[in-house]
Amino acid sequence: MNSNSADSSAGQGCEFQENLDMLRQVSFFETLPLEALKVLAYLCRRQRYAGGDYLARSGEDDGQAYYVIAGQIDLTLEQGQGETVLRSFAQGEVIGLLSLWGRMPQVFSLKADRELTCLVMTSDRFLKAMEQYPALVPKIVKEMVKRINAWERKFVAEQEHRTDGFGPRAGVSML
């Protein structure tokens, strides 16, 4: 065995451990047993993007979730003649977890604000892992429900001083 292949193996093991550590920090996954997290960490891949690159475009059906390792992802909405940044996701944040459960056309675009490195999980790989651990599905669904409820509570609190009502955006947790 030459030193290059030894270094490569060591790098892969280190990257796997880093992926596992990152997944353990995501509330969506933190209740999962270590064995399942190891499978997910193995199935993730790292992807690099240059500033201005699109990770996903509105209307596409990419079925991917992204954990930001370094850089920033802008969530954008294309309307009329321009593109508006609605919010940004920075290091340690995750976007796209619902897309792991089923593929659907994106409403928004995801764009690298600057050089970006992400841990990427595809829906296909995630669902294959869930087939191996079917008892985990209720735990993950419970976490999703908790996140949607927390989002809606935050939304209601932010609307406290509105006089025109919430409009059709309220009630997501009642779907």
Next on the checklist: Whether any residue in region 73-90 is charged (D, E, K, R), surrounded by 16 or more Cβ atoms within 10 Å (Cβ to Cβ) and either touching a residue at least 24 places away in the same chain (Cβ under 8 Å) or over 23 Å from residue 40 (Cα atoms) (or both) is what I want to check.
Outcome noted: yes
Checked 58, 99 against criteria (closer than 26 Å to residue 20 by Cβ and touching an Asp or Glu at 6+ places or on another chain (Cβ under 8 Å)); the one match is 99
For residue 28, the lone unmet condition from (1) modelled with pLDDT of 95 or more; (2) surrounded by 14 or more Cβ atoms within 10 Å (Cβ to Cβ); (3) out of contact with any Cys (no Cβ under 9 Å at 6 or more places or on another chain) is (1)
Practice prompt. Report yes if some residue within region 41-61 is at pLDDT below 90 and among the acidic types (Asp, Glu); otherwise report no.
Written response: yes
Worksheet entry | Some residue of region 84-100 being farther than 13 Å from residue 118 by Cα, of a type outside the set (A, V, I, L, M, F, W, C) and in contact with a Lys or Arg (Cβ under 9 Å, 6 or more places away or on another chain) | no
Over region 20-36, the set of residues of a type outside the set (A, V, I, L, M, F, W, C) and closer than 19 Å to residue 133 by Cα is 24, 27, 30, 31, 33, 35
Scanning region 40-56 residue by residue, those in a helix (DSSP H, G or I) and crowded, with 19+ Cβ neighbours inside 10 Å turn out to be 40, 41
Filter region 128-175 for residues that are hydroxyl-bearing (Ser, Thr, Tyr) and either surrounded by 10 or more Cβ atoms within 10 Å (Cβ to Cβ) or at pLDDT 85 or above (or both); the one that is farthest from residue 26 (Cα to Cα) is 173
| message | Residue under question is residue 21, and the condition is that it be assigned to a loop (DSSP other than H, G, I, E, B), of a type in the set (D, E, K, R), at pLDDT below 95 and closer than 25 Å to residue 110 by Cβ; does it hold? | response | no
Scanning region 97-109 for residues that are within 11 Å of the chain's Cα centre (by Cα), in contact (Cβ under 8 Å) with a residue 40 or more places away in the chain and crowded, with 18+ Cβ neighbours inside 10 Å gives 97
If we keep only residues of region 113-127 that are assigned to a helix (DSSP H, G or I) and in contact (Cβ under 8 Å) with a residue 60 or more places away in the chain, then the residue surrounded by the most Cβ atoms within 10 Å (Cβ to Cβ) is 126
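The values are calculated or read from the model by the stated rules, or taken from the named source; none is laboratory data. Predicted, not measured: the structure shown is a model, and the values here were computed from it. All Cβ positions, even for glycine, are placed from backbone atoms using ideal geometry, and neighbour counts span all protein chains on display.
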